[in-house]
1. Could you please tell me which pairs satisfy a Cβ distance under 7 Å, a separation of 6+ or placement on different chains, a first residue in the range 159-172 that is of a type in the set (Ser, Thr, Tyr) and in a strand (DSSP E or B), and a second residue that is modelled with pLDDT of 95 or more and more than 16 Å from the ligand (Cβ to nearest atom)?
2. Find the residue count for the range 218-254, including only residues that are among the hydroxyl-bearing types (Ser, Thr, Tyr) and buried (at least 20 other Cβ atoms within 10 Å of the Cβ).
3. Could you please tell me which pairs satisfy a Cβ distance under 9 Å, a separation of 6+ or placement on different chains, a first residue in the range 27-48 that is under 16 Å from Ala65 (Cβ atoms), and a second residue that is of a type in the set (Lys, Arg) and not in a helix (DSSP H, G or I)?
4. Could you please give the count of residues in the range 114-141 that are open to solvent by 30 Å² or more (accessible area, probe 1.4 Å) and over 19 Å from His167 (Cβ atoms)?
5. From the list Gln204, Gln186, Gln211, pick out the single residue that is without any contact (Cβ under 8 Å) to a residue 24 or more places away in the chain, within 16 Å of the ligand (Cβ to nearest atom) and not aliphatic (A, V, I, L, M).
6. Could you list, ordered by first residue, the pairs with Cβ atoms under 7 Å in which the first is in the range 112-131 and within 16 Å of the ligand (Cβ to nearest atom) and the second is among the charged types (D, E, K, R), at least 6 apart or interchain?
7. State all residues of the range 89-109 that are more than 14 Å from the ligand (Cβ to nearest atom), surrounded by 11 or more Cβ atoms within 10 Å (Cβ to Cβ) and more than 20 Å from Cys158 (Cβ to Cβ); if no residue qualifies, say none.
8. Hey, can you tell me all the residues within the range 12-23 that are within 16 Å of the ligand (Cβ to nearest atom) and open to solvent by less than 10 Å² (accessible area, probe 1.4 Å)?
Amino acid sequence: MKPRGILLAGNWKMNHGPASARGFFEGLPFSKKPGATMRVYPSFLTLQAALDAVKANGQEIEIGAQNFHAEKSGAFTGEVSGPMLEEIGIQQVLLGHSERRQYFAETPAVILKKTLSALHQGFEVLLCIGETLEERNSGQTISVLTHQLESTLADPTCAEAFGKTLHLAYEPVWAIGTGVTASPAQAQETHASLRALLTRTLGQSTADAVQILYGGSVTPANFAELLACPDIDGGLVGGASLKPDSFGALWNLI
Ligand code: PEP
């Protein structure tokens, strides 16, 4: 068993409305595994249907939100707040996904604000970071990741939450949705550097407790090798989380 447990998380992005989510969970072969957690992040609209479906099917699967607004209420047309999520029983949020950074102009400052708001409201946060291909090719991977994490690591609330209610997903942007996965060696090297950064800034015991998931074109064909790496604590999965067969196959590799 992995020391930090394993998290298999599916990011559904803008896929699966309520009806197809119900069909997904009905078709998902799921049985509990010691030391492992399955989580799915559906769209806001689908959260309630997903919660109801896993309850009705007796599936111990966590349901989280892909985003939320840092303010608790107010004049923010089109947004969803923490108290709204809490009201329906959501306890996890995904933050900092590269698509939020790229298409919705979420800067490190915005992501820090959301992270702090989520932690103060009692949510568990999975924070995504990752470099582009250009950044990797020019040898900047670690400096980019360090920059993305800098303000979070320097913040006392985040420092206290790391390893408890704040965990990381390393998602190289060039591997997301492209079919190009980081090799297990590339992923492990980066995860080990991230854990070394956590150790230097927050100390060994906190660094040892932080789950670092790998994300980027994870499939049943490559997951086992990635999971065998000592610093990879699970997967954040887009495309292969959308079908019960492939997501179930990933779960069966744990
Ligand atoms: C993602 O968007 O978080 C992701 C990892 O997508 P995919 O698995 O499709 O690359």
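The values are calculated or read from the model by the stated rules, or taken from the named source; none is laboratory data. It should be emphasised that the depicted structure is a prediction, and the values quoted were computed from it without experimental measurement. Don't worry about glycine lacking a Cβ; one is built from the backbone with ideal geometry, like all the others, and counts go over all protein chains shown. We work out accessible area using only protein heavy atoms, side chains counted, and drop any ligands, DNA or RNA first. Shrake-Rupley method; radii C 1.70, N 1.55, O 1.52, S 1.80 Å.
1. Tyr170/Leu194
2. To start, the set of residues in the range 218-254 that are among the hydroxyl-bearing types (Ser, Thr, Tyr) comprises 219, 241, 246.
With buried (at least 20 other Cβ atoms within 10 Å of the Cβ) added as a condition, the list becomes 241.
The qualifying residues number 1.
3. Tyr41/Lys13; Ser43/Lys13
4. So in the range 114-141, the residues open to solvent by 30 Å² or more (accessible area, probe 1.4 Å) come out as 116, 120-122, 124, 132-140.
Now narrow it down to the ones that are over 19 Å from His167 (Cβ atoms): 132-140.
The number of residues fulfilling the criteria is 9.
5. Numbers: Gln204 fails: within 16 Å of the ligand (Cβ to nearest atom); Gln211 fails: without any contact (Cβ under 8 Å) to a residue 24 or more places away in the chain.
Sole residue among the options that is without any contact (Cβ under 8 Å) to a residue 24 or more places away in the chain, within 16 Å of the ligand (Cβ to nearest atom) and not aliphatic (A, V, I, L, M): Gln186.
6. Correct list of pairs: Cys128/Glu171; Gly130/Glu171.
7. Matches in the range 89-109: Gly89, Ile90.
8. First, the residues of the range 12-23 that are within 16 Å of the ligand (Cβ to nearest atom): 12-16.
If the condition is that a residue be within 16 Å of the ligand (Cβ to nearest atom) and open to solvent by less than 10 Å² (accessible area, probe 1.4 Å), then Trp12 is the only one that fits.
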